[in-house]
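The next block holds one structure in the form of structure tokens; read it before the comments.
The values are calculated or read from the model by the stated rules, or taken from the named source; none is laboratory data. Just so it is clear, the structure is predicted and the values come from calculations on it, not from any experiment. Please note: Cβ atoms are built from the backbone with ideal geometry, for glycine as well, and neighbour counts cover all protein chains shown.
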Amino acid sequence: MAKDYNALAKTVVELVGGEENVISLAHCMTRLRFKLKDESKANTEKLNSTPGVIQVMQAGGQYQVVIGTDVTDVYDAILAGTKIKAASSEQAPVQETESDTPEKKESMVATLIDIVSSIFTPFLGAFTGAGLLKGFLVLFVTLGLLDKSTTTYTILNAAGDGVFYFLPIFLAYCAGNKFGAKPFISMAIAAALVYPNITALFSATDPIPVEFLGIPVKMVSYTSSVLPIIVVCFVQAKFEKLINRVIPQIVRNIFLPVLDLLILVPLTFIVIGPITTAAANGISVAIQSLLRLCPPLGGALMAGLWPVMILFGIHWAIMSIGFANLGILGYDYLLPLTVSCNFSIAIATLAVFLKSKKKNVKQVAGPASITALIGGVTEPAIYGILLKYKKPLIMVCIANAVGGAICGAFNVTRNVQMSVNLLTLPAIWAVYGPWAIVAIAVVCVLVFALVWLFGYKDEMDNVPEKESK
């Protein structure tokens, strides 16, 4: 029988302060992400003890309720049973309330995390699905099961590569919504950036000088790019607010789109695109230089801190650099350092499941370990087990550091975005290389031993034994 999520949805809404306290709602693979008018009205303590809720996090300017793999059903129930608006829908600016005092304003870091996560989360499913398909294509070609010269490969490659090639268009819709710009105009701007004749100007073997009204244009590749369109959408939102003050309402829908395209597209090609691409290149080169100085140390720091970054949502900012690397360099050397992290989290949680004799611990640890191992979704394990008992999280960070050091030392990279879990191990071998598999194996053995010996005892769980049976 299918679960009824209406009761949980109703409880969650009540405990975040009621639907009148909710500005918008989004969700990722495990979390409901509320934007609240006043977070002090939410009953965090009661939410944390609500059956069906794994953990409550306040990060990135969002009030995040971790549900686990049922998050989509709860999200749908909330939208169906209330007047709460989805974060992806266009909304009028919210009036400032008493709670929006300078002390309550989000910090710059929190705002950045909120922006990055809000832009990437909505299409993450399509992104990872396409990446997984590309990973399997690499595997099939490597094993000789598929020939690159066949039209079958061409069709499957288009299915996997389309999201990455037209990434600016996906980002445009999400960023347009996030910044308050007209999202379909944002998409039109992005479409101009990846228009075939434009990409041909960049990739031509015998390039011709490009100019706009006599102004020289430095051509860069916008396919698979990240930063240019995000900045353009931010500028677009500010530009549209300015234009709305000048153009009468009666003709606004006619002239606003024309002015957006007429001004912002050339501005992107002349100014925004080259500057943001240079900035992205600079960040990439700086990180790469650090890794060159001492690759094992750089890899250990990156991978060891990765679970902590996930806890606070900082991983989104790192992931955006990794996505940018794929577009700019054609490969990524940053996220591959964390290739063993999903496995370490899964195995650590499995160790807790096997070692514990308490029913309430097993009920959380068992499904959470499977979710992390098979689906690559780690939040239930992190919030439900690792963070709750703390020592397992420390053991995971230690083991991850060892895996990251191995990946850094042997220059593990990838040329496609793909999911990392048990089912994709063959594709990981094909894309990341054999040293990634070595890192995963070492980390799995190490983290299981550490958690079993030092990371968990049933005495850590404060639920009485009679309640756990």
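Against the test of being over 22 Å from the mean Cα position of the chain (by Cα), within 19 Å of V220 (Cα to Cα) and in contact (Cβ under 8 Å) with a residue 40 or more places away in the chain, the options A172, A188 yield a single qualifying residue, A188. Consider segment 154-192 and keep the residues that are under 26 Å from L133 (Cβ atoms), out of contact with any Pro (no Cβ under 9 Å at 6 or more places or on another chain) and among the aromatic types (F, W, Y). The one that is surrounded by the fewest Cβ atoms within 10 Å (Cβ to Cβ) is Y165.
Here L290 meets the list (1) within 30 Å of V339 (Cβ to Cβ); (2) surrounded by fewer than 12 Cβ atoms within 10 Å (Cβ to Cβ) almost entirely, failing just condition (2). Taking the listed residues D206, D161, D147, the one that is of a type in the set (D, E, K, R), assigned to a helix (DSSP H, G or I) and outside the structural domain of M319 (by TED's automatic domain parsing) is D161, with no other qualifying.
Reported count of residues in segment 19-43, each being out of contact with any helix residue (DSSP H, G or I) (no Cβ under 8 Å at 6 or more places or on another chain) and over 24 Å from F120 (Cβ atoms), is 2. Would you check if V235 is in contact (Cβ under 8 Å) with a residue 60 or more places away in the chain and of a type in the set (A, V, I, L, M, F, W, C)? So V235 fails the test.
Only a single item in (1) surrounded by fewer than 17 Cβ atoms within 10 Å (Cβ to Cβ); (2) modelled with pLDDT of 85 or more; (3) among the aliphatic types (A, V, I, L, M) is not met by L305, and it is number (1).
Applying the criterion of being in a loop (DSSP other than H, G, I, E, B) and at pLDDT 85 or above to the residues of segment 24-39, the residue that is farthest from I84 (Cα to Cα) is D38. Cβ contacts < 8 Å: first residue surrounded by fewer than 15 Cβ atoms within 10 Å (Cβ to Cβ), restricted to segment 354-365; second residue at pLDDT below 85, any location; separation 6+ or different chain. Result? So the pair list comes out as K357/D458; K359/S468; K359/K469.
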